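Following: one structure in structure tokens, then a few remarks.
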Amino acid sequence: MPTVTRCTLRFYDGLNDFLPPETRGRTFAFELYGTPSVKDTIEAAGVPHTEVDFILVDGHPVDFTALLQGGERIAVYPMFTQLDIAGFEQLLPAPPDIYRFVLDVHLGRLARYLRLAGFDTLYSNTYTDPEIVEIAQHDERIVLTRDTGLLKHGAVTRGYWLRNTAPRTQLTEVVERFELHPHFTPFSRCMMCNGLVRATDLAEVRNRIPPRVAQHFDRFSVCNDCNRVYWPGSHYAKLAALLKEYAAGIDTPHTELS
Ligand SMILES: [Zn+2]
């Protein structure tokens, strides 16, 4: 029979979102077989490694590979905690130079919002988990998902578990978690396919838009990938206002979605 390793766990702040109510905000006993790593233990308790920035075992900082012998007190912290950990090695990777995302299935509306804000966002409702992991690894993309199992995959280094199901609230979560406000480039991407859009004039698009639109607008955008035409129709003001809620003072170019 493998030996049972007993320890106590305490998760802080937003990491409690992953726990059943009875263990939130308090120290609780936990058991695993053998000599598990801290990472295995934390993930067995329900918290993906992509949410963990700092771990103390019996008061000492450790990384994910530390092995448990039994009897340890483990304290686990997310990013943005009040704890002063200056000078200690943090476990989450440094922010990427460019924020790119790959989204799990059923997150199509969030994908469109992120593209609207200008973020390179891959999404398909046919992606399998292995495909998402592969894309994230290959392109150094941040995985956004409602599935904690996907974030426990060892090859996923940057990810975030969406707490909410409403797309607008999800956008707020992602913007706050990754401090995206300064990185908005509104209306620079096609909401439908993620391609970059370029400005153009009426002459190029006249044959591809309704006559009514040709009469009322003279500036347009075209997607470099799918050729979709955008113009500053009634939808534009609504979308621009939405973006300004997240990044006040951002400059929303004139040309936009209809
Ligand atoms: Zn497109």
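The values are calculated or read from the model by the stated rules, or taken from the named source; none is laboratory data. Since this is a predicted model, take the numbers as computed values, not measurements. Cβ: placed from backbone, ideal geometry, glycine included. Neighbour counts: every protein chain shown.
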#### Entry: Hits in segment 22-63 (condition: outside any helix (DSSP H, G or I), under 21 Å from LEU150 (Cβ atoms) and hydroxyl-bearing (Ser, Thr, Tyr))
SER37
### Task
Take ARG198 and decide whether it is within 15 Å of the ligand (Cβ to nearest atom) and at pLDDT 90 or above.
yes
### Query
Based on what the data block shows, is PHE217 aromatic (Phe, Trp, Tyr) and on the phi < 0 side of the Ramachandran plot?
yes
### Query
In segment 189-236, how many are free of Cβ contacts under 8 Å to residues at least 12 places away in the same chain and either part of a helix (DSSP H, G or I) or in contact with a Cys (Cβ under 6 Å, 6 or more places away or on another chain) (or both)?
7
### Task
Out of the residues in segment 157-172 that are surrounded by fewer than 19 Cβ atoms within 10 Å (Cβ to Cβ) and not β-branched (Val, Ile, Thr), state the one that is farthest from the ligand (Cβ to nearest atom).
ARG163
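Yes or no: segment 178-189 includes at least one residue that is in contact with a helix residue (DSSP H, G or I) (Cβ under 6 Å, 6 or more places away or on another chain) and near the ligand (Cβ under 10 Å from one of its atoms). Show your work before the answer.
Initially, segment 178-189 is screened for residues in contact with a helix residue (DSSP H, G or I) (Cβ under 6 Å, 6 or more places away or on another chain), giving 186, 189.
This time we only want the ones that are near the ligand (Cβ under 10 Å from one of its atoms), so: 189.
Yes, there is a match, as at least one residue in segment 178-189 is in contact with a helix residue (DSSP H, G or I) (Cβ under 6 Å, 6 or more places away or on another chain) and near the ligand (Cβ under 10 Å from one of its atoms).
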### Task
Return yes or no: is ALA241 among the aliphatic types (A, V, I, L, M), more than 16 Å from the ligand (Cβ to nearest atom) and outside the structural domain of TYR113 (by TED's automatic domain parsing)?
yes
